1. I need two numbers for the stretch 45-199: Rg to one decimal and Dmax as a whole number, Cα atoms only, in Å.
2. Would you work out which of Ile123, Leu230, Thr21 lies farthest towards the positive end of the dipole of the chain? Charges go on Cβ: Lys and Arg +1, Asp and Glu -1.
3. Considering all projection directions equally, how large on average is the shadow of the alpha-carbon convex hull of the stretch 279-380, in square nanometres?
4. P(r) tail for the chain, what percent of Cα pairs lie past 39 Å?
5. Would you mind getting the accessible area per residue of the chain, heavy atoms of the protein chains only, 1.4 Å probe, in Å²?
6. Return the single residue from Pro114, Pro298, Pro13 with maximal mean-square fluctuation; model: Gaussian network over the chain, springs between Cα atoms under 10 Å.
7. Modelling each spin label as a point 7 Å along the Cα-to-Cβ direction, I'd like the Ile251/Asn358 distance in nm, to one decimal.
8. Roughly how many Å² of Cys173 are accessible to a 1.4 Å probe, to the nearest 10?
Amino acid sequence: MKYKLMLGTLCIPLIALAVVTQLYVLMPVSINLLLFVQHASAQNIGLLTSLFGIFYAIGLIIWGSLSDRIGKDLTLIIGLLLLAGVSFVVPLLQDFYLLLFARAVQGFCAASFPPVALAWVSINLPESSRPKAISMISCAFLLAATIGQWLGSFLITNTLFYAMWLLGGIYACGAIIFYCYRLKGEQNNLALPGTSLLSIFSKLPNILTNKKLFPIYICSVFVLLSFVALYSVLHRSSLINLVPTLRTIGIFAMLFSLTAGYLFKLIKPSYVLAIALCLMAISLLIHTFYLLDYLNSPFILYLFHFILIVGLAYAVPSMIVCISTQSELTDRGIATSLYTCILFIGASLGAFLPTLFNPPILLTVLSILLLLCAIQLIIKDFYL
């Protein structure tokens, strides 16, 4: 049990941070990549991140389904080994199109870890330790957005070797750790070897429309969508000079996710989620007032940005706990994968929608939708 606790509360969060970092590591260094990647241009260099994200979303469902068939431990070992191998190869590729293909494969392999690791924690750790582990993993997912960009800007100048080989080494060590755990023969995988992938995929509609899970999936669409949309808007607004300070505030606020496990002992996770969504809705609306020049005090903006990120920091682990406790034990892998996929789709829409709609109107609508999500959670708890 001590070995399981060490895996769930230390190793898995660190590996999760390294895995999700791949989503962001190339974002701040697009100009640097043009110096040493052949056939790359300012117009197509962004595809190295976009294609990674697309195949990451696809892989979430496939790996989650596979884990229900062959077991969580074996899926984590295979996925981390493949991700490590691709990460070691990526720096050797100087041609843009080969690198683009490798990034697509890398995104697909990276998708093997987050949902399966969350399912592993929900299955293997005792109920008393589960919320703490989920909070730490959620914090790692959130911090990866900032740490990934920092790591890329620090390590990537005229080569990808340092960044990719450092991350690849972490993935390889993670695979070895899970292999050693598997050798101990204590794994609890709930593998269903007699079940085909097709039958697992056929469960998706029923899981998605489950009365207990559907409200959580609705919330997962708008949580990261609102966060990413806000930052996309801020970069195009008169508030752009305040973004570095807001990011710093956000890093500290994200650490509140580590306390979610203790909060869940006092308040039901679905109620924590409803409160977090209300905080996000109010804070997002305050940001809209600043975009419209109705408010101009930086202090109030910093305060409500802190509240917004605290709401996000509690919303993400709350949704994970709700999914893991309200889904059937044998469907937990695919249910968690579906949640992660929807969450990531929301984040992708958040980067795209500000280019289509008027920013203040978009943020106002998102504020209303977040509030409606909170209301439907309370209604669901009342009737179910």
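1. Radius of gyration, then largest Cα-Cα span, for the stretch 45-199: 16.4, 50 Å.
2. The one lying farthest along the dipole's positive direction is Ile123.
3. 7.3
4. Considering the chain, 14 percent of its Cα-Cα pairs are separated by more than 39 Å.
5. That works out to 42 Å² per residue.
6. Pro298
7. Distance between the two pseudo-spin positions: 3.7 nm.
8. 80
The values are calculated or read from the model by the stated rules, or taken from the named source; none is laboratory data. Because the structure is predicted, anything quoted here is derived from the model rather than measured. All Cβ positions, even for glycine, are placed from backbone atoms using ideal geometry, and neighbour counts span all protein chains on display. SASA here: full protein model, heavy atoms, side chains in, ligands and nucleic acids out. Shrake-Rupley method; radii C 1.70, N 1.55, O 1.52, S 1.80 Å.
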